[in-house]
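What follows is a single structure, written as structure tokens, with notes after it.
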Amino acid sequence: MRIKTLAVFLITAMSLFTAFYWLTDSARRQATFDEQIEELVAYGLVVFGPSKDDTTADCAACHGPDGRGGEVRDTGRLAPNLHSLSIYEKLKAQNGGTFIEIRKPGEPPDYVNLVIRFGGVVVSGNVNSPMPAWSTEVGASLTIHQVDALTALVETWVLEAAAEPEQEVPNTVAAGQQVYTDKGCGGCHGPELAGVLKPDGTVLYPSLLNIGNEPVTDLPTAISQLEKLKADYAAGKEAFLEAWIRDSAVNYNDGTATGMPVHPVGIISESAMRALITFLLSQKL
């Protein structure tokens, strides 16, 4: 009888322990994940730089010490702000409309991870992008663990940016210039809006220095609705610029990519767009 009682007691205890373990397993796994991400982000900061030697990627040399953007050496271009809603939107699109958790090491690569591994060609299709590939997979210097650490760091910044309440942007030239910088427009058009030419002298990214007087028509990609583009600019510069910036492919090229990224409201808010357009229209030669 005592053996049966003991057996019942042990079975009951094991059942309760199993139920308790099962109920608390999710929290335990989340705590382990959070600790792992915290360690990765700390290491990511080391790899990011700024660096006094050649043991890290020194991403800070271009993206700035806090990752909020900076000039790319002597290229006349700006490295993008990595505390970015545009990156957040790309990650959301890749994840079926949601992005709430940083990529775990060993998971399939996402947008940020791919850009770090293989360079700016992932973003623009330009093999001469000033953003280099960093992975040892392509003969560069960063190990998988280092790439994972940088991925965790950037995605932490991205989630923090997405969690911030949207700020109303004043409709001024100065505020629009800040939008131009913050949204990474200078990464293509340059910090002074002068654009970038290919070695053969043809346009890689067009100048915006006179966009307040006339539309940009010297484009790297032929536009199927160029006459509509000119007519829309003449009819209303503000409406035209918003249509072009929001989605140039759909609005002016029959859905074919123009090289100009799309900028939905989730990336550039309505007030930020107004300020950006005000800044652009102030550019006159």
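The values are calculated or read from the model by the stated rules, or taken from the named source; none is laboratory data. This structure is a prediction, so every number in the text was calculated from the model and none was measured. Heads up, the Cβs are rebuilt from the backbone with ideal geometry, glycines too, and the neighbour counts pull from every protein chain shown. Quick note on the areas: whole protein, heavy atoms, side chains included, nothing else; ligands and nucleic acids left out. Shrake-Rupley method; radii C 1.70, N 1.55, O 1.52, S 1.80 Å.
When the Karplus curve 6.51 cos²θ - 1.76 cosθ + 1.60 is applied with θ = phi - 60°, which whole-Hz ³J(HN,Hα) does each residue of segment 148-153 get, with x for Gly and Pro?
So the Karplus estimates, Gly and Pro as x, are 4, 5, 5, 4, 4, 4 Hz.
Find me the longest stretch of the chain that has none of the exposed trypsin sites (Lys or Arg not before Pro), where exposed means in a DSSP loop (not H, G, I, E or B) with at most 12 other Cβ atoms within 10 Å. Please list the in-between numbers first.
Values: sites that count: 52, 73, 284.
Answer - 74-283.
Looking at (i) 158; (ii) 130; (iii) 176, which value of volume of the Cα convex hull per residue in Å³ comes from a calculation on the structure shown?
Here volume of the Cα convex hull per residue in Å³ agrees with entry (iii).
Filter 90/237; 90/198; 237/284; 198/228 down to the pairs with a C-alpha to C-alpha distance above 22 Å, please. Don't skip to the answer; put the middle values down first.
Values: 90/237 28 Å; 90/198 27 Å; 237/284 13 Å; 198/228 27 Å.
Check vs 22 Å cut-off fails for 90/237; 90/198; 198/228.
If you take the square roots of the eigenvalues of the alpha-carbon gyration tensor of segment 124-277 and sort them as a ≥ b ≥ c, do you get rounded (a/c under 1.5), prolate (a/b over b/c) or oblate? Don't skip to the end; give the middle numbers.
Working: a/c = 2.12, a/b = 1.35, b/c = 1.57.
It comes out oblate by the Cα gyration axes.
Near the amide H of residue 71, under 5 Å away, which other amide H atoms are found, from residues 5 or more places off or on another chain, if H is placed in the peptide plane?
Hits under the 5 Å cutoff: 79.
Over what distance in Å are the Cα centres of segment 229-262 and segment 182-197 separated?
So the two Cα centres are separated by 18 Å.
Would you mind calculating the relative contact order of the chain from Cα pairs under 8 angstrom and at least 6 residues apart, reporting the percent as a whole number? Provide the component values of the computation, followed by the final result.
Working: 415 pairs, mean separation 47.9, N = 285.
Answer for the chain is 17 percent.
What GluC sites (Glu not before Pro) does segment 153-239 have in DSSP loop regions with at most 15 other beta carbons within 10 Å? Before the final figure, lay out each step's value.
Working: sites: 155, 160, 166, 168, 192, 227, 238; in loops: 166, 168, 192.
Passing sites in segment 153-239 are 166, 168, 192.
Could you report the chain's accessible area per residue, 1.4 Å probe, as an integer in Å²? Show your work: numbers first, answer last.
Numbers: 16060 Å² over 285 residues.
Here the per-residue accessible area is 56 Å².
Computing the accessible area with a 1.4 Å probe over protein heavy atoms, can you report the carbon and sulfur percentage for the chain?
Numbers: 9570 of 16060 Å².
Carbon and sulfur together cover 60 percent of it.
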